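**Student:** Here you go, one structure.
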Amino acid sequence: MEKVKLPISVDPIKSAQKDLKLDCKISKNLMKRLARSTNSILADIDTQFLFEIDQQKLRIFRGSAKVAVEVTCQRCNEPMIYQCEAKFTYCPVHNQEQEHKLPDVYEAIYYDGNEEINLHDIVEDELILSLPQIAKHAIEDCLQSDYESTFGHLENEEQQHLNPFEALIKLKHR
Ligand SMILES: [Zn+2]
């Protein structure tokens, strides 16, 4: 079944009162900042949102987003597919005072001018944050032949670390 499109913004209070659940897609063409942060976005974004009122009567929402993107491996410079996955829990706030009072488990999100929150911005921010700082293939998939020498180098370093023990053993056997 074709998923519905994620609304750009919602009223989080009304949504929490209704226990609104969303299981939606966002067109990859709308994620301009994510597109700039990657080589390309490979599919439309899967998103889920669940609005609720917590035990402290705070209106909160939990969400997740995932999509495959292509990035460049920083070790071999070849393209690689990275599965972006983000999970988040937000509590909408109007001001810093509310923000400071929030329990640590929630991230604050500010209402826009229409008393709504922008879901597309949240999804895009969260997906960008989920990108690796330095993208690298798994070692077995990486084409970088230099890896061999890097690995050899690391081994040497490890051996150097072992040297004190070897020296100790030699001492003992004197
Ligand atoms: Zn690579």
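A short reminder: the numbers here are calculations on the coordinates, not readings from a lab. Just so we're clear, the structure is a prediction, and the values are computed from it rather than from any experiment. Methodologically, a virtual Cβ is constructed for each residue, glycine included, from the backbone with ideal geometry; neighbour enumeration extends over all protein chains shown.
**Student:** If you wrap a convex hull around the C-alpha atoms of region 31-109 and split its volume per residue, what is the figure in Å³?
**Tutor:** 126 Å³
**Student:** Still on this structure: Using mean Cβ contacts within 10 Å as the protection proxy, how do 12-23, 84-95 order, highest first?
**Tutor:** Most protected by this proxy first, the peptides run 84-95, 12-23.
**Student:** Treating cross-link reach as a plain straight distance, find the lysines whose alpha-carbon is under 20 Å from the alpha-carbon of Lys18, omitting any fewer than eight places away in the same chain.
**Tutor:** Those lysines meeting the cut-off are Lys5, Lys57.
**Student:** Another question, then. Quick one: P(r) of region 4-143 from all Cα-Cα pairs, 5 Å bins, percents rounded to integers, in order of increasing distance.
**Tutor:** For region 4-143, the binned pair fractions read 2, 10, 19, 19, 16, 13, 9, 6, 4, 2, 0 percent.
**Student:** In nm, what is the difference between 0.36 nm times the number of residues separating Gln83 and Lys5 and their Cα-Cα distance?
**Tutor:** Net length gain for the segment: 26.0 nm.
**Student:** Shifting gears a bit: How high is the relative contact order of region 6-92? Use alpha-carbon pairs under 8 Å, at least six apart in sequence, and give a whole percent.
**Tutor:** Values: 170 pairs, mean separation 22.9, N = 87.
Relative contact order here is 26 percent.
**Student:** Can you order the peptides 61-69, 38-46, 126-134 by their average number of other Cβ atoms within 10 Å per residue, highest first?
**Tutor:** On the way: 61-69: 20.0, 38-46: 17.3, 126-134: 14.4.
So the peptides 61-69, 38-46, 126-134, ranked by packing, come out 61-69, 38-46, 126-134.
**Student:** Assuming 0.36 nm per residue, please report the length gained on full extension of the stretch Cys142 to Lys14 beyond their Cα-Cα distance.
**Tutor:** Full-extension gain reported as 41.2 nm.
**Student:** Oh, and also: Farthest toward the dipole's positive end in region 4-143, which of Leu22, Gln96, Tyr110, given Cβ charges of +1 (Lys, Arg) and -1 (Asp, Glu) about the Cα centre?
**Tutor:** Leu22
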